[in-house]
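What follows is a single structure, written as structure tokens, with notes after it.
Just so you know, all these numbers are worked out from the coordinates, no wet-lab data involved. Quantities reported herein were computed from a predicted structural model and do not represent experimental measurements. No Cβ is skipped: glycine too gets one built from the backbone with ideal geometry, and neighbour counts run over all protein chains shown.
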Amino acid sequence: MPYVVADPCVKCKYTDCVTVCPVDCFHEGENMLVIDPDECIDCGACVPECPAEAIFLDEDLPGKWHGYIKINADLASKWPVLTEQREPMAGADAEKTRENKVGEISHQPGAGD
């Protein structure tokens, strides 16, 4: 049961979570992070570190964000690993509470490490 990054991360991209991950399962896109479900060891260390409260155990993911399970799996295989903390995106504090951002996900990879 891996953890999943959901809607609140889109256009925020806080990276506090990546520094505590013991297995480097976070992958960076242009405007969000995802978790590789095959690498995640379900430790939960990332959950309290996320200022956007965007990380959920897959079985606890709110129904409205169920599609993020597939999004994380698909994009993790295409995006580079990120293990270093970076500044969040401009406007992240306002974006973390805005909902229904799935259509705004950029499929472009981020820089990674």
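Give me the base-10 log of I(q)/I(0) for the range 45-91 at each q in 0.22, 0.25 Å⁻¹, Debye formula, one uniform scatterer per Cα, rounded to two decimals.
-1.08, -1.22
Can you sort Val20, Val5 from fewest to most other Cβ atoms within 10 Å of each residue's own Cβ?
Val20, Val5
Could I have the simple spin-label model distance between Asp74 and Leu57, label points 7 Å from Cα toward Cβ, reported in nm to one decimal?
2.7 nm
Remind me, relative contact order of the range 3-86 in percent, using alpha carbon pairs under 8 angstrom and six or more residues apart? Display every interim value, and only then the final one.
Numbers: 147 pairs, mean separation 38.1, N = 84.
Relative contact order comes out at 45 percent.
Among Pro51, Pro88, Pro22, which one moves the most in a GNM of the chain with springs linking Cα atoms closer than 10 Å?
Greatest mean-square fluctuation among the candidates belongs to Pro22.
Got a sec? Charge dipole of the chain, +1 on Cβ for Lys and Arg, -1 for Asp and Glu; which of Ala90, Tyr14, Pro48 is way out at the positive end?
Ala90
Just in the range 76-112: which trypsin sites (Lys or Arg not before Pro) are loop by DSSP and have at most 12 other Cβ atoms within 10 Å?
Working: sites: Lys78, Arg86, Lys96, Arg98, Lys101; in loops: Lys78, Arg86, Lys96, Arg98, Lys101.
Those that pass, being in a loop and sparsely packed, are Lys78.
With θ set to phi - 60°, apply the Karplus curve 6.51 cos²θ - 1.76 cosθ + 1.60 along the range 64-81 and write out the HN-Hα couplings as whole Hz, x wherever there is a Gly or Pro.
For the range 64-81, the Karplus curve yields 5, 10, 4, x, 5, 4, 5, 4, 4, 4, 5, 6, 4, 6, 10, 9, x, 5 Hz.
According to the square roots a ≥ b ≥ c of the eigenvalues of the Cα gyration tensor, what is the shape class of the chain, taking rounded for a/c under 1.5, prolate for a/b larger than b/c otherwise, and oblate for the remainder?
Verdict is rounded for the chain.
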